[in-house]
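A.B. asks: This structure is in structure tokens; I'll ask about it shortly.
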Amino acid sequence: MAGNKKNRCSFCGRSENEVAMLLTGLNGFICDECARQAEMIVRESLGTKVTPKKGGEMELDVATLPKPQDIKAFLDQYVIGQDSAKRYLSVAVYNHYKRLAQKVDDDGVEIEKSNIIMVGPTGTGKTLLARTIAKQLNVPFTIVDATIFTEAGYVGEDVESILTRLLQVADYDVAATERGIVFIDEIDKIARKQDNPSITRDVSGEGVQQGLLKLLEGSIVNVPPKGGRKHPDQDYIHVDTRNILFICGGAFDGIERKIAQRLNTHVVGYDSVQNQQKIDTKDLMKYIVPQDLKSFGLIPEIIGRLPVLTYLDQLDRDALRNILTEPKNSLVKQQVKLFRMDGIKLSFDDDALDFIVDKAVEYKLGARGLRSIMETIMIEAQYSAPSGKEKQLVITRQYAEQQIEKNERMKK
């Protein structure tokens, strides 16, 4: 600025010579101390009280943490059913917060983390659960896909890039990163390809599982902040993964056969008939145990580092019907909002919704099938209605059937 006038913090009034750093904005300045104080105010207003400690660490106030029932109630607003998986997730996240808040007592007891693995058919809500719970968390959260990873030295991404993404979410705050939560999707796609030894390396299967071990267990990992292979000359950031909670999910397509073999549901004999009467053969997933994951192709070491195993139910017709209308972000509410932005009142007949559910059951794609069918039915209206003069649109079963038949004819 002109003359000898010094820049001053717009909040506390101290000059740039009196503070360690002065950040410049469009119409003012803020010093580093006021910025830290502002961060504390924002964190407290979000619901979880965080207080600074010496050494830059953070301390959580257990009294203000969201309880497991509160976390599940939040999930219930967006995800239909899957009560068992919701309970496991809610408890795991709550314990994760408490583990971050633990203090070293004279008894020497230290709470250790329990990573989670969720198993369920495609379209049952594994990824949706992870995305929804991220809305309520006050710690860094990221979702990664296991299919992009390969063993170190091969084309693809190293497993350390998981922490690179978590660092980016945390704005490269290492202390915050070390309190984060990671959801690894499609974990079943890195299963061991075969039990017999091969002359070729399983670089995208067992090799990736071996690389994940050190992350899941807890160790100091050298993380490339910009990704390892395109910037080999960059300095590494050291991240301790002991307090990072890992949640894994996968469809494990075909694992029902492994469960059936273990339960002897296909063995001929009197005893097998008695066992079949006690086993719900339509929902074998509820009987899953770590042994089945090993039979599918996960190595014992990684199964041991994912001690909490839960499953997601196959969505039945009633659940699919509720998914269409009940959640806050239901497909019907999304379509209604889209048309309302164009000044059009959209509504669906019950028969039309039943038809959509019938098609989703037929396609066997779970909740994802609902979206695909909904988009197919609505594409013509979305194209023509915004330019038309009609201010009200009712989707009937007849209209839905016509759009589906038209789409099927076009694909033939």
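The values are calculated or read from the model by the stated rules, or taken from the named source; none is laboratory data. All values derive from a computational prediction rather than experimental measurement. When we count neighbours, we look across all protein chains shown, and the Cβ atoms used for this are built from the backbone with ideal geometry, even at glycine. With ligands, DNA and RNA removed, areas are computed over all heavy atoms of the protein, side chains included. Shrake-Rupley method; radii C 1.70, N 1.55, O 1.52, S 1.80 Å.
A.B. asks: With a 10 Å radius around each residue's Cβ, average the other Cβ atoms per peptide and rank 24-37, 242-255, highest first.
C.D. replies: 242-255, 24-37
A.B. asks: Please report the net charge: other residues with Cβ closer than 15 Å to the Cβ of LYS389, K and R +1, D and E -1. Mind showing how you got there, number by number?
C.D. replies: On the way: positive: LYS345, LYS391; negative: ASP342, GLU390.
Around LYS389, the surrounding residues sum to 0.
A.B. asks: Where Lys and Arg each count +1 and Asp and Glu each count -1, what net charge lies around PHE339 among other residues with Cβ under 12 Å from its Cβ?
C.D. replies: In short, +3.
A.B. asks: Roughly speaking, to the nearest percent, how much of region 303-368's 1.4 Å accessible area is carbon and sulfur?
C.D. replies: Carbon and sulfur: 49 percent of the exposed surface of region 303-368.
A.B. asks: From the cross-link list LYS282/LYS333; LYS72/LYS282; LYS126/LYS286, which pairs have alpha carbons spaced over 24 Å apart?
C.D. replies: Cα-Cα > 24 Å for LYS282/LYS333; LYS72/LYS282; rest within.
A.B. asks: Just by accessible area at a 1.4 angstrom probe, what is the order of SER295, SER161 from largest to smallest?
C.D. replies: Solvent-accessible surface, decreasing: SER295, SER161.
A.B. asks: Using amide H atoms built 1.01 Å from N in the peptide plane, name the residues 5+ places from LEU393, or on other chains, whose amide H lies under 5 Å from its own.
C.D. replies: Counting only residues 5 or more places away or on other chains, the set is LYS345, LEU346, SER347.
A.B. asks: Need the C-alpha centroid separation for region 173-188 versus region 80-144, integer Å.
C.D. replies: 11 Å
A.B. asks: With θ taken as phi - 60° and the coefficients 6.51, -1.76 and 1.60, list the Karplus ³J(HN,Hα) couplings across region 64-70 in order, rounded to whole Hz; mark glycine and proline as x.
C.D. replies: 9, 5, x, 6, x, 5, 5
A.B. asks: Could you work out the local net charge near GLU16, counting Lys and Arg as +1, Asp and Glu as -1, over the other residues with Cβ closer than 9 Å to its Cβ?
C.D. replies: Around GLU16, the charge tally is +2.
A.B. asks: When the convex hull of the C-alpha atoms of region 302-412 is computed, what volume per residue in Å³ does it have?
C.D. replies: 149 Å³
A.B. asks: State which entries of LYS98/LYS214; LYS214/LYS278; LYS135/LYS258 exceed 29 angstrom in Cα-Cα distance in the structure shown.
C.D. replies: From the list (LYS98/LYS214; LYS214/LYS278; LYS135/LYS258), the Cα-Cα distance tops 29 Å for LYS214/LYS278; LYS135/LYS258.
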